[in-house]
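For reference, the structure is listed below as structure tokens.
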Amino acid sequence: MGTRTAIGVASALAVAGVAGAAVLMAPGWLHPRAAAVRAADSAGPAVVGVRPSPGPSDPTTAAARALLAPAPPPATLVIPALQVRAVVEAVGTDAQGRMAAPSQADHVAWFNQGPAPGDAGDALIDGHLDWTNGPAVFWLLGKLRAGDEVDVLRADGSQARFQVDATATVRYDARMEQLFVRTGPPSVSLITCSGSWDRQHGTYQDRLLVHATLIAAPPSDKPGDEGG
């Protein structure tokens with residue numbers, strides 16, 4: 001990575017290989033979205049063999065089912081404050097069992113062994129700080145501040161909007177099992193290199209983490225969604 005070698009960003013993140021995160025990646029408490037669907041399913045129709053007529057609760061049930069459905073894979077990451085619009089690659093782990101990095105300087109990578117952006121838990125997205133020919137996609141990631149928006153455009157055309165609420169810097173070899181979670185509010189963590197170059201280990205000494213929490217889905221621009 002950088003002008004030295006194109007080392008994977010999260011070769012990273014020795015944020016614990018998958019083995020270290022396995023326990024935390026298992027589902028824990030029943031998420032409220034799942035509870036809503038379970039409650040709706042337990043009621044059942046009042047009369048066997050007769051299709052119940054639509055009632056006031058039907059929209060609630062439908063909304064709960066829609067929220068429970070797995071979020072589609074991310075396709076594009078947009079960070080307006082940094083003028084970033086990047087293709088999202090789906091990655092797993094590298095040969096050392098750590099989160100892999102994107103294959104190109106202007107791409108980002110989503111860890112597809114964890115939650116998708118918009119699902120319960122923390123979706124991990126990493127990107128290079130620099131490349132062999134200069135700055136890369138997350139060169140300015142450290143300039144994000146609380147309140148900045150992070151948008152994820154999905155493969156099916158839907159979108160999810162997140163808002164930055166925290167940043168942190170950790171050592172490149174820190175074990176960060178808390179990132180590998182599938183429970184709690186939907187969020188994303190953006191990851192890149194920072195700090196000084198470590199010649200001995202051939203990587204930057206630190207990793208910058210920017211956390212953002214889901215706030216809303218932006219209005220759809222699809223034809224027919226205008227209303228009226």
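In table form, for the structure just shown:
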{"read-out": "The stretch 132-160: number of residues that are out of contact with any helix residue (DSSP H, G or I) (no Cβ under 8 Å at 6 or more places or on another chain) and buried (at least 18 other Cβ atoms within 10 Å of the Cβ)", "value": "10"}
{"read-out": "Yes/no for residue 156 being in a loop (DSSP other than H, G, I, E, B), over 18 Å from residue 194 (Cα atoms) and of a type in the set (D, E, K, R)", "value": "yes"}
{"read-out": "Filter pass, residue 196 being in contact with a helix residue (DSSP H, G or I) (Cβ under 9 Å, 6 or more places away or on another chain), more than 13 Å from residue 81 (Cβ to Cβ) and outside any loop (DSSP other than H, G, I, E, B)", "value": "no"}
{"read-out": "In the stretch 181-212, the residues that are open to solvent by less than 50 Å² (accessible area, probe 1.4 Å) and touching a Pro at 6+ places or on another chain (Cβ under 6 Å)", "value": "188"}
{"read-out": "Residue among 127, 157 that is out of contact with any strand residue (DSSP E or B) (no Cβ under 6 Å at 6 or more places or on another chain) and under 22 Å from residue 88 (Cα atoms)", "value": "157"}
{"read-out": "Test result for residue 81, farther than 16 Å from residue 188 by Cα and either surrounded by 20 or more Cβ atoms within 10 Å (Cβ to Cβ) or free of Cβ contacts under 8 Å to residues at least 12 places away in the same chain (or both)", "value": "no"}
{"read-out": "Meets criteria (over 22 Å from residue 213 (Cα atoms) and open to solvent by less than 30 Å² (accessible area, probe 1.4 Å)) for residue 71", "value": "no"}
{"read-out": "In the stretch 94-108, residue farthest from the chain's Cα centre (by Cα) [restricted to those that are closer than 17 Å to residue 138 by Cα, hydrophobic (A, V, I, L, M, F, W, C) and in a loop (DSSP other than H, G, I, E, B)]", "value": "105"}
{"read-out": "Test: residue 87 is of a type in the set (Val, Ile, Thr) and buried (at least 17 other Cβ atoms within 10 Å of the Cβ)", "value": "no"}
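Matching residues to (1) of a type in the set (Ser, Thr, Tyr); (2) on the phi > 0 side of the Ramachandran plot; (3) at pLDDT below 95; (4) not in a loop (DSSP other than H, G, I, E, B):
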position: 146; (1), (2), (3), (4): no, no, no, no
position: 151; (1), (2), (3), (4): no, no, no, yes
position: 165; (1), (2), (3), (4): no, no, no, yes
position: 173; (1), (2), (3), (4): no, no, yes, no
position: 183; (1), (2), (3), (4): yes, no, yes, no
position: 189; (1), (2), (3), (4): yes, no, no, yes
position: 192; (1), (2), (3), (4): yes, no, yes, yes
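The values are calculated or read from the model by the stated rules, or taken from the named source; none is laboratory data. Computed from a predicted structure; not experimentally measured. Please note: Cβ atoms are built from the backbone with ideal geometry, for glycine as well, and neighbour counts cover all protein chains shown. Heavy atoms of the whole protein, side chains included, go into the accessibility calculation; ligands, DNA and RNA do not. Shrake-Rupley method; radii C 1.70, N 1.55, O 1.52, S 1.80 Å.
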